[in-house]
Amino acid sequence: FASHQQARVNSELLTMKTHALHKHRALHSALQNEYEAAVQQEMLHRSALDVVERRLEATQEMRQQEIDQFEKRLKGRQMRQAQDIHRLKNLTAERASQSRIF
């Protein structure tokens, strides 16, 4: 009787351990799947971030080129204005000296 009861207890223990092992494996598999999904999501986010960063760099480069071109045009205008002012001063001085002569 005792050995029969021991066998039944051992059988129940084995059944419980088997259920626990199946639960453990199922949980492990679920966690593995979640981890792999998280890794995939992270890769997508990094890829999207890379695209955004490249667009931002390209936009910044374009803006810098626009700024450089504007500054170049502005310097050209300033030089022409300075030349115009110089010419006007010379012309004014020339006329003033001519008016003194006459």
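When we screen 29, 47 for residues that are within 14 Å of the chain's Cα centre (by Cα) and either among the polar types (S, T, N, Q) or not in a helix (DSSP H, G or I) (or both), the only hit is 47. Using the structure shown, decide if residue 94 is modelled with pLDDT of 95 or more and part of a helix (DSSP H, G or I). The answer is no for residue 94.
For the stretch 69-90, check the following and say yes or no: at least one residue is under 32 Å from the mean Cα position of the chain (by Cα), in a helix (DSSP H, G or I) and of a type outside the set (D, E, K, R). Within the stretch 69-90, one or more residues are under 32 Å from the mean Cα position of the chain (by Cα), in a helix (DSSP H, G or I) and of a type outside the set (D, E, K, R).
The values are calculated or read from the model by the stated rules, or taken from the named source; none is laboratory data. Quick caveat, the model's predicted, so the values are computed rather than measured.
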